[in-house]
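The values are calculated or read from the model by the stated rules, or taken from the named source; none is laboratory data. Fair warning: this is a prediction, and the values are worked out from it, not measured in the lab. Glycine also receives a Cβ, built like all others from the backbone with ideal geometry; neighbour counts cover every protein chain displayed.
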Amino acid sequence: MRYGAKRIGTHFIADLSSCRHNYVEYAPLLQLAMKACRDAQMTPLDFAAATVSNGITSGASAVVLLKESHVAIHTWPELGYAAVDLFTCGPEEAGREAFEKVCGAFDVPGLEILEIERKVKK
């Protein structure tokens, strides 16, 4: 941490390409996010989820509002792609555990996670 900066939280972000498993419907995607967060001792407060279709292809989106911040997942099954982000102002380890559990469900080869420490200058 830089001198004069206070850690606010950690933001985990991943672009999941070549997903061997993906989600077309929102219900199982939401269940995945809620379970991963609860298993990591995070506290879901509310959620929004939807299956989105343009008439040709469909994908799903799920956002879970957490006491510790949020997790958001958006899928493009026809492209084998999903975008996942989780921000936590709680314990970094809990956020990482939940994030890795969500990403692991997509069965992606060579998962790369961008981890950003969020901070405020004093």
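Condition test on Phe99, is it under 13 Å from the mean Cα position of the chain (by Cα), farther than 20 Å from Ser18 by Cα and of a type in the set (Phe, Trp, Tyr)?
Numbers: under 13 Å from the mean Cα position of the chain (by Cα): yes; farther than 20 Å from Ser18 by Cα: no; of a type in the set (Phe, Trp, Tyr): yes.
Here the answer is no, as Phe99 does not meet what is asked.
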message: Among the residues of segment 95-122, what is the count of those that are buried (at least 18 other Cβ atoms within 10 Å of the Cβ) and hydrophobic (A, V, I, L, M, F, W, C)?
response: 7
- request: Can you tell me which residue within segment 30-83, out of those that are among the hydroxyl-bearing types (Ser, Thr, Tyr) and touching a Phe, Trp or Tyr at 6+ places or on another chain (Cβ under 9 Å), is nearest to Ala105 (Cα to Cα)?
  value: Thr75
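Where in segment 11-90 are the strands (runs of 3 or more DSSP E), entirely inside, with at least 3 residues that are of a type outside the set (Val, Ile, Thr) and surrounded by fewer than 16 Cβ atoms within 10 Å (Cβ to Cβ)?
44-53
Among the listed residues Leu86, Leu29, identify the single one that is within 22 Å of Glu117 (Cα to Cα), out of contact with any Lys or Arg (no Cβ under 8 Å at 6 or more places or on another chain) and not β-branched (Val, Ile, Thr). I'd like the intermediate steps shown before the answer.
Numbers: Leu29 fails: within 22 Å of Glu117 (Cα to Cα).
Unique residue meeting the criteria: Leu86.
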- prompt: Within segment 101-122, which residues are assigned to a helix (DSSP H, G or I) and in contact (Cβ under 8 Å) with a residue 12 or more places away in the chain?
  reply: Lys101, Val102, Cys103
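Just to verify a result, which residue in segment 97-122, among those that are among the basic types (Lys, Arg) and farther than 15 Å from Ile73 by Cα, is modelled with the lowest pLDDT?
Applying the filter and picking the extreme gives Lys122.
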